[in-house]
Amino acid sequence: MADGDGLMSVDYEVHGKVQGVFFRKYTQAEAKKLGLVGWVQNTSHGTVQGQIQGPTARVRELQEWLRKIGSPQSRISRAEFSNEKKIEALDHKEFQIL
């Protein structure tokens, strides 16, 4: 999936100090800025998880943001991505905090 064209979907889970630091709000803002759709939520084991969908190049940008930047107060130890696939159409209308 090296091409920047087409739509893709990827699930993610971010580990570290990512709860109680507005991580979901910043993730939503960054996704909207990039024109992506999907969702983000806290998990019961202290991580943040979700799904990103949109143009491949933009999804890659948000993956990099999740891996390295996050919210100002967060401390990301690692970000895991799974179920990466090309899609024909978006499953979501916007990027939601669940």
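Couple of notes before you dig in:
- In this structure the chain gives 56 Å² per residue of accessible area when probed at 1.4 Å with all protein chains present.
- Backbone HN-Hα couplings from phi across the stretch 91-98 [Karplus 6.51/-1.76/1.60, Hz, Gly and Pro as x]: 8, 10, 9, 8, 9, 10, 8, 9
- In the context of the full protein assembly, Glu61 retains an accessible surface of approximately 90 Å², using a probe radius of 1.4 Å and ignoring ligands and nucleic acids.
- Exposure of Asp5 as accessible area (Å², to 10), given a probe of 1.4 Å and all protein chains: 110 Å²
- Label reach from Asp5 (point 7 Å along Cα→C-beta): in the stretch 57-74, amide nitrogens under 14 Å belong to 57.
- Secondary-structure-derived ellipticity at 222 nm for the chain, considering helices only, amounts to -7500 deg cm²/dmol, per-run term -39500 (n - 2.57) for DSSP H runs with n ≥ 4.
- For the chain, the longest principal axis of the Cα atoms and the long axis of helix 23-33 meet at an angle of about 30 degrees.
- Approximating the spin labels as points 7 Å out from Cα along Cα→Cβ, the Lys93-to-Lys33 distance works out to 2.6 nm.
- Here's the picture: charge each Lys and Arg Cβ at +1 and each Asp and Glu Cβ at -1 in the stretch 36-98, and of Leu62, Ile76, Trp39 the one pushed furthest to the positive end of that dipole is Ile76.
- Only Lys, Arg (+1) and Asp, Glu (-1) charged, at Cβ; the chain dipole about Cα centre in debye: 460 debye
- Sites matching trypsin sites (Lys or Arg not before Pro) across the chain that sit in DSSP coil, with at most 10 neighbouring C-beta atoms within 10 Å: Lys93
- P(r) for the chain, from all Cα pairs and a bin width of 10 Å, is 17, 55, 25, 3 %, short bins first.
- Where Ile97, Ile76, Ile69 fall by accessible area, highest first, once all protein chains stay in place (1.4 Å): Ile69, Ile97, Ile76
- Between the stretch 64-92 and the stretch 11-56, the C-alpha centres lie 6 angstrom from each other.
- The gain in end-to-end length when the Gln41 to Phe22 segment is fully stretched comes to 5.7 nm, 0.36 nm per residue minus the alpha carbon separation.
- By accessible area, using a 1.4 Å probe on protein heavy atoms only, the chain has 48% of its surface on carbon and sulfur.
- Formal net charge of residues neighbouring Ser82 (Cβ-Cβ distance under 11 Å; K, R +1; D, E -1): -3
The values are calculated or read from the model by the stated rules, or taken from the named source; none is laboratory data. Everything numeric here is computed off the predicted structure, so don't read it as measured data. Cβ atoms come from the backbone with ideal geometry, glycine included; neighbour counts cover every protein chain shown. The protein model used for the area step is the full one, side chains on, heavy atoms only, and it has no ligands, DNA or RNA in it. Shrake-Rupley method; radii C 1.70, N 1.55, O 1.52, S 1.80 Å.
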